[in-house]
Structure formats: C-alpha cells, structure tokens
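Colleague: Have a look at the structure that comes next, please.
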Amino acid sequence: MDTLERKTTNPSVAEGATLFVEMNGIVKRFPGVLANDHVDFVLRHGEIHALLGENGAGKSTLMNVLAGLYRPESGTILVKGKVVNFSSPRDAIKAGIGMIHQHFMLVPSQTVTENILLGLDKPRFRLQLNEYDHIVADLSERFGLKVEPRAKVWQLSVGEQQRVEILKMLYRGTDILIMDEPTAVLAPQEIEDLFKTLRAMVAEGKSIIFISHKLHEVMAIADRVTVLRKGKVTAAGLDARKTTLQELARQMVGREVIFHLDKKLNTPGEIVLEVEDVCAENDKGLQALNGLSLDVRAGEIVGLAGVAGNGQRELAQVITGLRRCTDGCVILNGEVICNRSALVGIQRGVSHIPEDRTGVGTAPDLSVTDNVIMKQYRRPPIAQHGMLNMQVATKFANELKESYDIIVPNVETPVRLLSGGNLQRVILAREISGQPSLMVAVQPTRGLDVGAIEGVHRLLLSQRESGAAILLISEELEELLSLSDRVYVIYEGRIMGEVKIGAGGSSPEMIDTVGLMMTGTPLEQIRKGEAERNV
Amino acid sequence: MKEPPRWYPAAVSLGAIMVALVLGGILIAFAGGDPFRSYAHIAKASFGNLGVLSDTIVKATPILLTSLACSIAFRMKLWNIGAEGQFIMGAFGAGAIVLTPILPADTSPWIFIPVMMLAGILMGAIWGFFPGFLKARFNVNEIISTLMMNYIAISWVNFFIFAVWTEGGFQMSPKFPENAWLPRLLDYAKTIPIFSGLTTHLGLLIGIVAAIVLWIVIYRSRWGYEIRLIGDNPRAAQYAGINITRNTVLVMMLSGALAGLGGMSEITGMVHRLQTTPLAAGYGFTGIIVAWLAKLNPLVAILVSILFGALLLAGREIQPSGVPKMIQGIILVCLIASDFLMRYRVRIVRAGEEA
C-alpha cells in the first residue's frame, strides 16, 4: 500500500466549503441492536470522506439510510441545503446520491451498456444500443474507467464490474457516490486504478463517501475521516493530513476498561494445535489464507483478533476439516488432520463452536436431544449396533439441560424455538461434553445478552483449566484481551503479530498495537516506529 | 415466536382436505354430477362391504410402497419423482425371474417369492442409483433425471414385452405360473369361507412390514438420524462429520428399492404377467401425494394409502380417469398451499399501516 501516494489537495475542501450532505441525529434500530445512535455526518462538496469503523459499527447502516434503503427512526437529512425524506433508493438517486454495494447488482447475461440503461425511462421503446455504446464509452474515457461497453457482464473481472457500477451511477447523474468497502474485492493494481478514478471524479466536483476499515487506504485516499464505533461517532470529520494511523486505530477500536475475569494462572502444556503456512481459498475462489501459522498449547486460550472477513472463518473451517487448504498443513497432537474430513477432527477431539449457530451449528427442526447427540451418536452408549438408544440419548440431553441451564420445556422441543443464548448453550454443552483436546470457538458470544456472555466466558475458562487448548476467534477485542493468554492478529489471511498477555492483564499500549495490526500494520513495523520515536 | 399447539398441523391438513373436497364438489357439479351423491357413492363403493374393502386394499398396496419410497427420499430433500420408473423396473426384475427363466416354472413358492422380491428390490435400487450418483457426483438435478428415467423404464419394459417375451404378438408376457403368485386371501377360502373372492394379497403385509421397518430406520437408527440431519440442515450435517455424498446415493437406492418392491408386489400379487398398461398407472406419482399427506411418516402413510386406494377405486365408478384424478390433484395443491400456514403466521395489515 506504500505505492499509494497522496495527491489530493483539492482547494474546495477548505473549511467552509459548500455542504453536500448533512445528517443530524440519525437513529436506526434493528431488533436488539441500536445500529445508529444519534449520528451526525457532514459531507462537503468535492471531497473524499472516509467512514471508518469495525464490522457492526454502523457504517453501512448509516449509508443505507442516506441512500434511501432504510428509514431512520429519527434525525434529519439535508442534501445540498434542502431537507429530504427518501422513501426509496430511487428518490436518493434523483437527489444525486448513489450507492455501490459490496455485492454488485448487475445482470450477468447483459452487456455493460444494457446494465447501465437498466431501469431507466430512456430509451423508451427501441434500444438504440450503438448510440448508447458511444455515450458509455465517452463517459468511461472521461473518468478513466476502462471497460468495453459491448462486453457481457459475466465476462468481466470483479474490478471491471465495479467500474460498471460506478458508470451506472455517473450515467444517472450522481454527484454523491457512496462506496461500501470498494477495495475488499480488488487486486492491488485495481485499487490503484480505482483511486485514480475517484480523484478524477472529485476533480469534476463530485463527492465520495468511502466506507472502509483499512487504515492505510483511508490515509491514502481520504480528505477527511469520520470514525464510528458501536453506532456512535467517535471522531467527526478529522482532517486526514493532520491525523495519524495510531489516532485513527484508537478511535476505531476504543480504549474501554477491560472487564476483569477471574482467570487463574495456568502454565500452558504441550502444543496441541500447529497451523503451518496454511493457504486456503474462500467460497468465491479468492485467496483467503496466505501462509498463516500459529500454535495453541494445552490449557491456554489463544485469541485471534481481526476485522471480520480477513480469513477467520476459513481458518476455523480448515482446522475443523470443513475446508481444504491449498498449501501448508494443520497438525493436531502430532498428527496431520487437514484435508481429511470433518469426521477425522471429531474423532480426534476437535470441537467447534461455529460462527453461524442456526445455519451450521444446529438443525432447527430437530429436537434438543437430536441436536446434542450430533457428535456422540456414533459411539456407545448412544449407538448400539447401528441403532440409537433413545433412552440413553434422552437421559444425556436431560443431564446437559440441567448442567448447562438450557431453558426449554422438554428435550423434545425443536431447537428453532430456543433463544440465541439458549441455542448457544446447546452448542456449548454438546461441544464441551465430548471433552475436547482442542476447541475452536468462533464468535461464541455474538448477539448474546450480558448474562449469557458471562456464562460463555466462564465455560471457556473452565475448559482452559481442565487442560483443553482453545482457539478463540472473535471480533470483540475486549473479550479477546480479557480471556486470552496470547492474541494473534489476522489481516488479509496473514498473522500480523502476536501479543502476550501476562498476569497483569492487558494495557492500553497493547490495545493500540492490536488495533494497528488489525488495520494492516505488521508488528515489526510498529516496533520499528516505536524504536525510532524513542531515539 | 410462539409454538402453535400440537393439533395445529393436523387441523391445517384436515382443513386443506376439506377445502379440496369442496373444490372437488364444485368441479363435480360443473361436470353435471351431484357432489353429495358422488362422495357418498365413493365411500360406499370403497368401504361398503368386505369385497370392496379388499379391492380398496389391493389398490392401496402399490401406493403404500411408492409412498414409502418417496417419503424416505423427501426426508433428505431428494426430490425423487421417479418412483414410477423404479416401480416398473421392480416389476421387470421380478418378471425376469419367471420369463428368462432364471428359475423353472415348477419352483416352490418358498423360493420363488423371495428371489423375485430380491430381484424387484435390486432393479429398483439400480434405477435409483443412477440419479443418486449423478446428483452426488455432478450435482445433476434429480427431479429432471428421475423424471426422465421413468420414460426409459417404460420403454425398456415395452421392448421386452413387444419383442422378447411377447405372448403371441400381444403387448404382454405370458401369464406367470401360479407358484410365482403372491398368496391371496381367496386361496384360503376353503378353510375360511369368508375369504372367498377377496383378492387382497401378501403385498399388503410386505407394505406394512416395510413401513414399520422404515419408521424404525428413520427414527431409531444411526443412519436414519443422519438422513434426518441432512434433510433438516445439510451444513450442520457436514459439520457433524456426515458424508452427504454417500448418503445421497444410498438414500436414492433405498427409495428405488422400496418402489421396486412395490412393482414386484403388484406384478406377482395382482397383474400376474409383465404388461406396461396396468403397471404404469401412476402409482409412483400418487405416492408423492401420499408421502406429503402423511408428512413423510411411514406409519401414517399406511392410512393415507388406503384412503387414496379408495379414491382411485371408487372414483373409477364415477369416471374412469378425469374427475377423480383432478380431485387428487386438488388435494395435493391444497396441501402444499396449507404448508404456508404451517410456516408463517398470517397477520392482516391494512393499507397505510406500517408493518
């Protein structure tokens, strides 16, 4: 990212420049979540304004409000000085606001020009495609968006498809362009091209809102930065030239008091899990893990911090045998377990608390009993000569119901009726009852209430004391720092560095370091920077 | 969300059947009939006396086995609509034992019948294996492949009865020796006079045993647990270390085997010769409806099969094909539509109110 040179010193981005958008006191609530809590946001004429924050901080929600997809519960929006009240994206586009989502909204079997014209009133009846091909070609020339108007969309690379989306917005006369994590799908050279385009657009007087959690890119492209954290603004409209990576990382990650857990001192034992130079692809066939290595010992909790989508899910799947690795290997207690099967892992004592509780962790229409025997049904006493001993299974389920406080009328109830916390207890009960030697816990407390979170934490700590090796993958930095003995930070499928947490718990410096690593600075660079400053 | 009471699904299904019967009644009225008299006639002509009851059961037997075939496949969300073809191939397999001949005509029934059963099961399973394998290996849509294999099965049997095993140029094989017939109630009329004229055959018992065994497999065996888990949430099944590919092939083979057993039972219990017309009478498709109506529960399928046997048998007295088939179709559509009421809670929102 060092090649991205700062160029914008657009004169119109001075103080007092015309305001394009003013959002005041925006509140947006989803069931159980306050996604935007009285958020103010100001976009000036001719600027690139980065919206920074972790996943779930409320960036996309805020922008969906601006683009007319969501209606806020309260708050006002002014566009170019006029109060607006959008009831659909169409209204927003009319006011000159266009949003490009992470998932493109294109018709693969149609040409670029056809996609751009889609949904417009003109041409009305006869498609004079030749004529429009020229218009599209001119437009793409003007903004440096290289793309062939007659090409079918399915033939285009992801980067080119993004250009089509941008052209679509430009053709509709958009002068406020919202881009939701536009670089996530791009190769480095494509990022460079995108930035050139964005600068060309700004030079023509358009404004761009750039949603991202990659600090380096934000510093390279943005004029100003607004940081959101847990639905609130923590820094409003900072001048990107006057701020530092450290400052932004801190605003983004926060520095809240780490709650103290009763964590006994434990001397870690033998290495249980070794991940060596693992590479793997995600579902789209893109590289998700890039030579990642880490290890976990018996009796320790090792945290894996990182912004979502940096390879955490894929790593958990490779370790538990649900995904193939293309290179490297995974060793459990001295035995290679990668690229075999999920069953091999289960039989060797790997337990897995999946991220997706309803989609992966449970079978919704089956009973609590059926769900808790998922990993045990192959073994006696539940399995007997190919049959299931339902009496034993029911007794087992009732025992777990008692000891894990699963609140349910009876164990025959289908689990789809359980609350999130109860469902997680079903999964934990199942995964812990197998006395695992390795436990891979992915987002084990996401979406739970405070009491349920505490329960999960206590269970993880008791597993640590009983000698299990635990890999805890979470986006909750506080949780990671208070539970873990060590924390690795993952970024774009690589480990940026490792932080050891001693008996004294975590320190604010640690949080800063982890925050910087989460946004793409390797540990050596941070250390080097500190050393230079100290000289 | 609040769970609806236990009786709710049964009540909704019953309601759907009532709605279907009302719609069917309107249909009958349009066709110029009296709906009440027609329905009364259906009831009398299917359950009125021992003789018609036996006929109803004979009709229900092939439906029961094909519905079991469908319910095990549907349980894993494999949409096997090829029970028809698997049924016909099962009949072919059983027939081949007699017609090739693999066993001489004077073989004891104690050998004949088990061997023919095995042959029927085997041919049905093979006919289920192909779509299962294609689905598991290349993700070929099983709806299309099983449907197409139905036509292949019919043509396959037609080839044999036209060319190889034809009886004097007619499109049927010679009659099977009586050793190869499934025993019928009327065979015992000498000792138990009340059985005279009753054609209910051993196939009923085969069907009921198959239903009970299937119930145990689904709800009480390790394999059945895997099938239920895959059917409910394939990703959870994968996560539990279950091999979905292998189970796809196995379940399709089991499904085919059950339908094949149905074909064997029909040809040896009822038709007594290889002939396409009485075999390809749509039992495989009726089995789909029955499986759904029974909510994929094999024991409930026994009951529903008998009801459908009645509808088929007595319906013929109204009209050979048209109206009764339409009523069947209406029942299926109503049932599928009623599924909506099971899954969603209906709330009426007036225009202008925000949801």
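Colleague: B:Thr276 - would you say it is within 14 Å of another protein chain (Cβ to nearest Cβ), among the β-branched types (Val, Ile, Thr) and surrounded by fewer than 24 Cβ atoms within 10 Å (Cβ to Cβ)? Please lay out each step first, then the result.
Modeller: Numbers: within 14 Å of another protein chain (Cβ to nearest Cβ): no; among the β-branched types (Val, Ile, Thr): yes; surrounded by fewer than 24 Cβ atoms within 10 Å (Cβ to Cβ): yes.
No; evaluated as a whole, the condition is false for this residue.
Colleague: Are any residues in segment A:21-38 within 23 Å of the chain's Cα centre (by Cα) and of a type in the set (Asp, Glu), and if so, which ones?
Modeller: A:Asp37 - this is the single residue of segment A:21-38 that is within 23 Å of the chain's Cα centre (by Cα) and of a type in the set (Asp, Glu).
Colleague: Additional query: In segment A:323-349, which residues are under 28 Å from the mean Cα position of the chain (by Cα) and either among the acidic types (Asp, Glu) or facing another protein chain (nearest Cβ under 7 Å) (or both)?
Modeller: Residues satisfying the conditions are A:Asp327, A:Ser341, A:Ala342, A:Ile346.
Colleague: Also, quick follow-up: Among the residues of segment B:157-194, write down those that are in a loop (DSSP other than H, G, I, E, B) and in contact (Cβ under 8 Å) with a residue 12 or more places away in the chain. Reasoning before the result, please.
Modeller: Within segment B:157-194, the subset in a loop (DSSP other than H, G, I, E, B) is B:165-166, B:168-169, B:171-177, B:181-183, B:189-192.
Residues satisfying the conditions are B:Trp165, B:Gln171, B:Met172, B:Ser173, B:Pro174, B:Lys175, B:Phe176, B:Pro177, B:Trp181, B:Leu182, B:Pro183.
Colleague: Among A:Gly334, A:Gly349, which is modelled with pLDDT under 95, closer than 23 Å to A:Ile271 by Cβ and touching a Pro at 6+ places or on another chain (Cβ under 9 Å)? Reasoning before the result, please.
Modeller: Values: A:Gly334 fails: touching a Pro at 6+ places or on another chain (Cβ under 9 Å).
Unique residue meeting the criteria: A:Gly349.
Colleague: Which strands (runs of 3 or more DSSP E) sit wholly inside segment A:34-105 and have at least 2 residues that are β-branched (Val, Ile, Thr) and buried (at least 17 other Cβ atoms within 10 Å of the Cβ)? Show your work before the answer.
Modeller: Values: elements: A:48-52, A:74-79, A:82-84, A:97-100.
By residue number, A:74-79, A:97-100.
Colleague: Another question about this same structure. Please verify whether segment A:228-243 includes one or more residues that are among the polar types (S, T, N, Q) and surrounded by fewer than 21 Cβ atoms within 10 Å (Cβ to Cβ). Steps first, answer last, please.
Modeller: The initial filter retains those residues of segment A:228-243 that are among the polar types (S, T, N, Q), namely A:234, A:243.
Narrowing further to those that are surrounded by fewer than 21 Cβ atoms within 10 Å (Cβ to Cβ): A:234, A:243.
Yes, that holds for at least one residue.
Colleague: Within segment A:350-377, which residues are within 15 Å of A:Pro414 (Cα to Cα) and more than 9 Å from chain B (Cβ to nearest Cβ)?
Modeller: If we filter segment A:350-377 for residues that are within 15 Å of A:Pro414 (Cα to Cα), which is where we start, we get A:357-359, A:361-374.
Within segment A:350-377, A:Arg357, A:Ser367, A:Val368, A:Thr369, A:Val372 meet the criteria.
Colleague: Could you please let me know if A:Arg425 is buried (at least 22 other Cβ atoms within 10 Å of the Cβ) and of a type in the set (Lys, Arg)? Spell out how you get there, then give the answer.
Modeller: Details: buried (at least 22 other Cβ atoms within 10 Å of the Cβ): yes; of a type in the set (Lys, Arg): yes.
Yes.
Colleague: Report whether or not B:Tyr188 is touching a Phe, Trp or Tyr at 6+ places or on another chain (Cβ under 6 Å) and at the interface with another protein chain (Cβ under 9 Å from one of its Cβ atoms). Steps first, please.
Modeller: Values: touching a Phe, Trp or Tyr at 6+ places or on another chain (Cβ under 6 Å): yes; at the interface with another protein chain (Cβ under 9 Å from one of its Cβ atoms): no.
No; evaluated as a whole, the condition is false for this residue.
Colleague: Further question on the same structure: Within segment B:195-225, take every residue that is β-branched (Val, Ile, Thr), away from chain A (no Cβ under 14 Å) and touching a residue at least 12 places away in the same chain (Cβ under 8 Å) and give me the one that is nearest to A:Leu388 (Cα to Cα). Please lay out each step first, then the result.
Modeller: Taking segment B:195-225 first, the residues β-branched (Val, Ile, Thr) are B:199-200, B:206, B:208-209, B:212-213, B:216-218.
Now narrow it down to the ones that are away from chain A (no Cβ under 14 Å): B:199-200, B:206, B:208-209, B:212.
Next, from what is left, pick out any that are touching a residue at least 12 places away in the same chain (Cβ under 8 Å): B:199-200, B:206, B:208, B:212.
Working: B:Thr199: 39, B:Thr200: 36, B:Ile206: 25, B:Ile208: 22, B:Ile212: 16 Å.
Ranking the qualifying residues of segment B:195-225, first place goes to B:Ile212.
Colleague: Output yes when any residue across segment B:243-260 is away from every other protein chain (no Cβ under 14 Å) and among the hydroxyl-bearing types (Ser, Thr, Tyr), and no when none is.
Modeller: From segment B:243-260, those away from every other protein chain (no Cβ under 14 Å) are B:248-249, B:251-260; that's our starting set.
Within this subset, residues satisfying the condition of being among the hydroxyl-bearing types (Ser, Thr, Tyr) are B:248, B:255.
Yes, the conditions are met somewhere in segment B:243-260.
Colleague: Given the structure, is B:Gly124 assigned to a helix (DSSP H, G or I), modelled with pLDDT of 95 or more and touching a Leu at 6+ places or on another chain (Cβ under 7 Å)? Break it down into steps so the answer makes sense when it comes.
Modeller: Working: assigned to a helix (DSSP H, G or I): yes; modelled with pLDDT of 95 or more: yes; touching a Leu at 6+ places or on another chain (Cβ under 7 Å): yes.
Yes: the conditions hold for B:Gly124.
Residue-wise test of (1) within 30 Å of A:Thr519 (Cα to Cα); (2) touching a residue at least 60 places away in the same chain (Cβ under 8 Å).
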position	(1), (2)
A:Gly81	no, yes
A:Gly96	no, yes
A:Asn115	no, no
A:His134	no, no
A:Ser140	no, no
A:Leu145	yes, no
A:Gln161	yes, no
A:Glu165	yes, yes
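Colleague: Hey, does segment B:267-283 have a residue that's farther than 30 Å from B:Ala105 by Cβ and not acidic (Asp, Glu)? If you could, list the steps in order and put the result at the bottom.
Modeller: Of the residues in segment B:267-283, the ones farther than 30 Å from B:Ala105 by Cβ are B:282.
Subset that is not acidic (Asp, Glu): B:282.
Yes.
Colleague: Take segment A:501-535 and flag every residue that is in contact with a helix residue (DSSP H, G or I) (Cβ under 8 Å, 6 or more places away or on another chain), within 23 Å of A:His213 (Cα to Cα) and either basic (Lys, Arg) or not in a helix (DSSP H, G or I) (or both).
Modeller: Start the filter on segment A:501-535 by keeping residues that are in contact with a helix residue (DSSP H, G or I) (Cβ under 8 Å, 6 or more places away or on another chain), which leaves A:501, A:505-506, A:510-521, A:523, A:526.
From the residues that got through so far, the ones that are within 23 Å of A:His213 (Cα to Cα) too are A:510-521, A:523, A:526.
Matches in segment A:501-535: A:Thr519, A:Gly520, A:Thr521.
Colleague: Would you pick out the residues in segment B:18-59 that are part of a helix (DSSP H, G or I) and either in contact with a Cys (Cβ under 7 Å, 6 or more places away or on another chain) or small (Gly, Ala, Ser) (or both)?
Modeller: Filtering segment B:18-59 down to residues part of a helix (DSSP H, G or I) leaves B:18-30, B:35-47, B:50-59.
If the condition is that a residue be part of a helix (DSSP H, G or I) and either in contact with a Cys (Cβ under 7 Å, 6 or more places away or on another chain) or small (Gly, Ala, Ser) (or both), then B:Val19, B:Ala20, B:Gly24, B:Gly25, B:Ala29, B:Ser38, B:Ala40, B:Ala43, B:Ala45, B:Ser46, B:Gly51, B:Ser54 are the ones that fit.
Colleague: Also: Return the residue satisfying two criteria in turn: it lies in segment A:378-421 and is in contact with a Lys or Arg (Cβ under 8 Å, 6 or more places away or on another chain) and either of a type in the set (Ser, Thr, Tyr) or facing chain B (nearest Cβ under 9 Å) (or both), and of such residues it is surrounded by the fewest Cβ atoms within 10 Å (Cβ to Cβ). It would help to see each step written out before you state the result.
Modeller: Keep residues of segment A:378-421 that are in contact with a Lys or Arg (Cβ under 8 Å, 6 or more places away or on another chain), which gives A:378, A:383, A:386-388, A:390, A:400, A:404-406, A:408, A:411, A:420.
Checking the rest, the ones that are also either of a type in the set (Ser, Thr, Tyr) or facing chain B (nearest Cβ under 9 Å) (or both) come to A:378, A:383, A:386-388, A:390, A:404.
Values: A:Arg378: 18, A:Ala383: 19, A:Gly386: 11, A:Met387: 16, A:Leu388: 21, A:Met390: 14, A:Tyr404: 20.
Per the criteria, the residue is A:Gly386.
Colleague: Also: Given the conditions (1) touching a Lys or Arg at 6+ places or on another chain (Cβ under 9 Å); (2) more than 7 Å from chain A (Cβ to nearest Cβ); (3) crowded, with 21+ Cβ neighbours inside 10 Å, which single one is not true for B:Ala240?
Modeller: In the conditions (1) touching a Lys or Arg at 6+ places or on another chain (Cβ under 9 Å); (2) more than 7 Å from chain A (Cβ to nearest Cβ); (3) crowded, with 21+ Cβ neighbours inside 10 Å, B:Ala240 misses (2) alone.
Colleague: What helices (runs of 4 or more DSSP H), lying completely within segment A:306-376, carry at least 2 residues that are surrounded by fewer than 23 Cβ atoms within 10 Å (Cβ to Cβ)? If you could, list the steps in order and put the result at the bottom.
Modeller: Numbers: elements: A:312-319, A:342-347, A:368-372.
Correct list: A:312-319, A:342-347.
The values are calculated or read from the model by the stated rules, or taken from the named source; none is laboratory data. Worth saying up front: this structure is predicted, and the values here are computed from it rather than measured. Every residue, glycine among them, receives a Cβ derived from its backbone with ideal geometry; neighbour counts consider all protein chains shown.
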